[in-house]
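Colleague: Take this structure first; my questions come after.
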Amino acid sequence: MDDMHIMEQLNISLFAPLQVTSNNELVSNFRTKKVLALLVYLAAEPETAHRRETLMTLLWPGMPDTSARANLRQVLFHLRQAISDFIVEDTAVPLLITNRHTIQLNPAGSIFVDTIQFESLLNQTLEHDHLNLLTCQKCRDDLAAATELYTGDFLADFYLEDSNEFEEWAEIRRQRYQRKTLDALETLAAIAIRQQAYAEARLQAERQLELDYLRESAYQQLMEVLARSGQRNEALAVYEKCRRLLKEELGMAPATRT
């Protein structure tokens, strides 16, 4: 087998910037955006054997079945050309498992997807047996690792102009990942406040506001951090900014707690 086609590890980053690397080398020879879109969709849900009809509707909504089915076969061909088989113990392992009805990424391949690892880390904190999340070092480390994976919104720099179905799917996931990241950052800030690590807590609160400048609970945390650090005037300035933005953007006043 040609050495140029040997693959040991495939990394797929779905948090912006979208990037696919094979053995640490960038893969960019996708024939069309639909080829990359198919890989993205399969990578985001790797444990599912996706029905061909679902993929056809996602990538070519409204297209007659015969044409969409032919397009899917062509996109599959180009995807296999762009990304070669894995080599596991000197044996070729195909990237995809396909049959007449379904298509799936091969779980036997060595594939790292950042969103899958992100979800796994967060799930570990939910399943971990601890007395108090705010005092659990393992969960703190898992939350920190998850938020470090979140380098930007899901597929923020990739879209299919001719498929509202694909864009709606991406937007639902985009919002979900951002919400989970915000909640993880809020927990990390709460842990840091508890530990009186106010510089770290401030960073976590400010990162929340970078993602959502109307997140009132983040303003609360930032105000608390500044006040506990002896920066009362700065805390009051943050309150004033929060009050003004909530009024201008949402037509509402801050909560009593704020």
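The values are calculated or read from the model by the stated rules, or taken from the named source; none is laboratory data. All values derive from a computational prediction rather than experimental measurement. Ideal geometry is used to build each Cβ from the backbone, glycine not excepted, and the neighbour counts take in all protein chains shown. Remember, those area values only see protein heavy atoms, side chains included, never the ligands or the DNA or RNA. Shrake-Rupley method; radii C 1.70, N 1.55, O 1.52, S 1.80 Å.
Colleague: Would you please give the residues with an amide H less than 5 Å from that of Phe154, counting only those at least 5 places away or on a separate chain, with H modeled from the backbone geometry?
Modeller: Long-range HN contacts for Phe154: Ala16.
Colleague: Let me ask you something else. With Cβ to Cβ distances under 15 Å as the rule, what net charge do the other residues near Leu245 carry (K, R +1; D, E -1)?
Modeller: Numbers: positive: Arg215, Lys241, Arg243, Arg244, Lys247; negative: Glu206, Glu210, Asp212, Glu216, Glu240, Glu248, Glu249.
Neighbour charge sum, excluding Leu245 itself: -2.
Colleague: Still on this structure: Please report the carbon-and-sulfur percent of the accessible area for the range 1-128; probe 1.4 Å, protein heavy atoms only, DNA, RNA and ligands left out.
Modeller: On the way: 3320 of 6800 Å².
Carbon and sulfur atoms account for 49 percent of the accessible area of the range 1-128.
Colleague: Multiply the residue gap between Ala16 and Thr91 by 0.36 nm, knock off their C-alpha separation, and tell me the result in nm, one decimal place.
Modeller: Net length gain for the segment: 23.7 nm.
Colleague: Can you list the residues, at least 5 places off or on another chain, whose amide H is less than 5 Å from the amide H of Val88, using H built in the peptide plane?
Modeller: HN-HN under 5 Å from Val88: Val93.
Colleague: Quick check: net charge around Asp162, other residues with Cβ under 15 Å of its Cβ, Lys/Arg +1 and Asp/Glu -1? Working shown, then result.
Modeller: Numbers: positive: Lys33, Lys34; negative: Glu161, Glu165, Glu167, Glu168.
So the environment of Asp162 carries a net charge of -2.
Colleague: I need the P(r) histogram for the range 30-170: all alpha carbon pairs, bin width 10 Å from 0 out to the longest distance, whole percents.
Modeller: Whole-percent P(r) values from 0 Å outward: 10, 33, 30, 18, 7, 1.
Colleague: Return one number: the angle in degrees, 0 to 90 and rounded to the nearest 10, between the long axis of the Cα atoms of helix 33-44 and the longest principal axis of the Cα atoms of the chain.
Modeller: 60
Colleague: Right, something else. For the range 182-193, just list the computed ³J(HN,Hα) in residue order, Karplus coefficients 6.51, -1.76 and 1.60, θ = phi - 60°, integers in Hz, with x standing in for Gly and Pro.
Modeller: For the range 182-193, the Karplus-derived couplings read 4, 5, 5, 5, 5, 5, 4, 5, 5, 5, 5, 4 Hz, x marking Gly and Pro.
Colleague: Using modelled amide H (1.01 Å from N, peptide plane; none on Pro or chain starts), what sits under 5 Å from the amide H of Val113, excluding residues fewer than 5 places away?
Modeller: Sorted by chain and number, the residues that satisfy this are Ile12.
Colleague: Report, to two decimal places, the Cα Rg of the chain normalised by 2.2 N^0.38 Å (N = number of residues).
Modeller: On the way: Rg = 22.5 Å, N = 258, 2.2 N^0.38 = 18.1 Å.
Its radius of gyration relative to the 2.2 N^0.38 Å reference: 1.24.
Colleague: Would you mind checking the tilt of helix 65-82 against the longest principal axis of the Cα atoms of the chain, expressed as 0 to 90 degrees and rounded to 10?
Modeller: On a 0 to 90 degree scale, this one is about 80.
Colleague: What length, rounded to one decimal in nm, is gained on full extension from Asn71 through to His101, with 0.36 nm per residue of separation minus their alpha-carbon distance?
Modeller: Values: separation 30, 0.36 × 30 = 10.80 nm, distance 1.50 nm.
Here the answer is 9.3 nm.
Colleague: I would also like to ask the following. Sorting check: for 89-100, 32-43, which peptide has the highest mean count of neighbouring beta carbons within 10 Å, and how do the rest follow?
Modeller: Working: 89-100: 12.0, 32-43: 20.6.
Highest-to-lowest ranking by the protection proxy: 32-43, 89-100.
Colleague: Using the heavy atoms of the protein chains and a 1.4 angstrom probe, tell me the accessible area per residue for the range 11-157 in square angstrom. Don't skip to the end; give the middle numbers.
Modeller: On the way: 7490 Å² over 147 residues.
Per residue, the range 11-157 has 51 Å² of solvent-accessible surface.
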